[in-house]
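Notes follow the structure.
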Amino acid sequence: MQTGVPVAPEFTIVNEAQQKNLKKEFGFDSEKPLVVITGGSQGAENINEAVKEILPEMLKFTNVGLVAGRKHYENMVDLKRYEEWDKAKLKSGFRMWEFNSAMHDLMGAADVVVSRAGATTIAELAALEKAVILVPFERLPGAHQLKNAEDLSKDQAVVMVKDEQMRQRPALLLEAVRHLVRAPRERRELAAKLHEQARPDAAERLATIMIEVAEGTRGGKDEMDKAKNK
């Protein structure tokens, strides 16, 4: 029995009105597209460095929210110059965080999400039904992120940009983002296909298996105890 990856109940589909409200809550223009870029709580150095290269061009056609990560935030603070405010109102269309505890809301506000390809993050994005660009880190043991991204890309559920290729040519990420921002129909198709991977009952399935295993173990122990006492 496959359970899927359990995700928090906050990771759920938002409608268009909710998405616009979330954009406003984060300071973005609700009528403009929003690209959220994240490398996880610790961040992804290679993605961050690519964003440094392509951010000025990206801001010509989309708003951008970057979660730089605790590990790499200090190396990214120079991008704060792009985050312009006027009396508590965001003017520039760019925000950067070290970490955001409301990732379900931030990714819910997004039109496109750029992310690493860990199983948990993919499960969260599938639950949110988002158009996603995955940048797998190929050098992890077992290359599991690369496999995750390749499988979903073959199913036309995500767009994949390989990390090594992005490092050599950051414009690859820019081109992928620009294409999706300007292709709402393709975004909807990708999001719907990725949502097919969602397992909203994953936690319940996992709990059922654990209970069954526990009861089976207990039952086996009881039988052993009976045999010893004969």
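The values are calculated or read from the model by the stated rules, or taken from the named source; none is laboratory data. Being a predicted model, the structure only gives us computed values, none of them experimental. Glycine gets a Cβ as well: all are built from the backbone with ideal geometry, and neighbour counts include every protein chain shown. We work out accessible area using only protein heavy atoms, side chains counted, and drop any ligands, DNA or RNA first. Shrake-Rupley method; radii C 1.70, N 1.55, O 1.52, S 1.80 Å.
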The stretch 64-74 - phi-based ³J(HN,Hα) in whole Hz, Karplus 6.51/-1.76/1.60, Gly and Pro as x: 9, x, 10, 9, 6, x, 4, 6, 10, 4, 4
nm² value of the averaged projected area, convex hull over the Cα atoms of the stretch 64-150: 6.6
With all protein chains present, how much of the accessible area of the stretch 57-152 (probe radius 1.4 Å) comes from carbon and sulfur, to the nearest whole percent? 48
Report the label-to-label distance for Arg139 and His195 in nanometres (one decimal), using points 7 Å from each Cα along the Cα→Cβ vector. 3.8
Taking placed amide H atoms and a strict 5 Å upper bound, the residues 5 or more places from Val114 or on another chain that come that close are Val36, Ile37, Thr38, Ile133
Env charge @ Leu194, Cβ radius under 12 Å, K,R +1 / D,E -1, value -2
Rolling a 1.4 angstrom probe over the protein heavy atoms, how many square angstrom per residue are accessible across the stretch 140-182? 56
Among DSSP beta bridges lying fully in the stretch 59-194, give the percent that are antiparallel, nearest 5. 15
